[in-house]
Amino acid sequence: MTADLFTLTREADEEENEEWLILHAAGQEVAFAAVIHCAFGLWIAELAVHRDYQRQGLAGRLLDTLISEYPDDVLALSCETFQPDTWPRGGMPADDLAAWYRRRGFQPEPIKGVEHRMVRCPSA
């Protein structure tokens with residue numbers, strides 16, 4: 001069995017109700033999830049994987065971590081491609097990204113001002 005090449009760390013700003021899950025490889029940040037704790041549950045503000053590390057399951061690992069740690073909370077996000085300005089351009093087309101989230105239990109639930117909103121409700 002090979003050792004996990006990725007290390008998960010966390011940062012939090014309790015005053016702003018924000019949390020970051022960060023995956024590192026070879027001493028550099030390669031993927032992260034930025035989460036805001038809200039009255040309804042969690043808003044996933046950003047989920048990004050560096051282009052050089054895509055297709056290795058890192059976004060799924062971050063999302064699965066959130067789902068397992070907050071099983072009774074609603075998770076919501078805006079399903080739009082995001083890539084930090086400091087990283088090379090990449091990301092999935094919007095339709096592929098929406099399908100990726102649907103496979104993880106998210107459903108479209110647009111509201112005024114957030115057209116691409118998707119939500120994952122807790123299991124009953």
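Taking the residues in the range 112-124 that are at pLDDT below 75 and exposed (fewer than 13 other Cβ atoms within 10 Å of the Cβ) as candidates, determine which candidate is nearest to residue 64 (Cα to Cα).
Among residues in the range 112-124 that are at pLDDT below 75 and exposed (fewer than 13 other Cβ atoms within 10 Å of the Cβ), the one nearest to residue 64 (Cα to Cα) is 123.
Kindly establish whether residue 76 is modelled with pLDDT of 85 or more, surrounded by 15 or more Cβ atoms within 10 Å (Cβ to Cβ) and under 13 Å from the mean Cα position of the chain (by Cα).
Working: modelled with pLDDT of 85 or more: yes; surrounded by 15 or more Cβ atoms within 10 Å (Cβ to Cβ): yes; under 13 Å from the mean Cα position of the chain (by Cα): yes.
Yes: the conditions hold for residue 76.
Where the second residue is among the β-branched types (Val, Ile, Thr) and surrounded by 16 or more Cβ atoms within 10 Å (Cβ to Cβ) and the first is under 11 Å from residue 49 (Cβ atoms) and lies in the range 23-39, which pairs have Cβ atoms under 6 Å and are six or more apart or on separate chains?
23/30; 29/22; 31/49; 32/22
Quick one: is residue 56 modelled with pLDDT under 90 and either among the polar types (S, T, N, Q) or more than 23 Å from residue 118 (Cα to Cα) (or both)?
No; evaluated as a whole, the condition is false for this residue.
Count, please, the residues in the range 53-69 that happen to be outside any helix (DSSP H, G or I), surrounded by 15 or more Cβ atoms within 10 Å (Cβ to Cβ) and out of contact with any Gly (no Cβ under 8 Å at 6 or more places or on another chain).
Adding up the residues that qualify gives 1.
Quick check on residue 41: is it at pLDDT below 90 and small (Gly, Ala, Ser)?
Working: at pLDDT below 90: no; small (Gly, Ala, Ser): yes.
It is false that residue 41 is at pLDDT below 90 and small (Gly, Ala, Ser).
The values are calculated or read from the model by the stated rules, or taken from the named source; none is laboratory data. Everything numeric in this text was worked out from a predicted model, so none of it was measured. Neighbour counts are summed over all protein chains in view; Cβ atoms, including those assigned to glycine, are modelled from backbone coordinates with ideal geometry.
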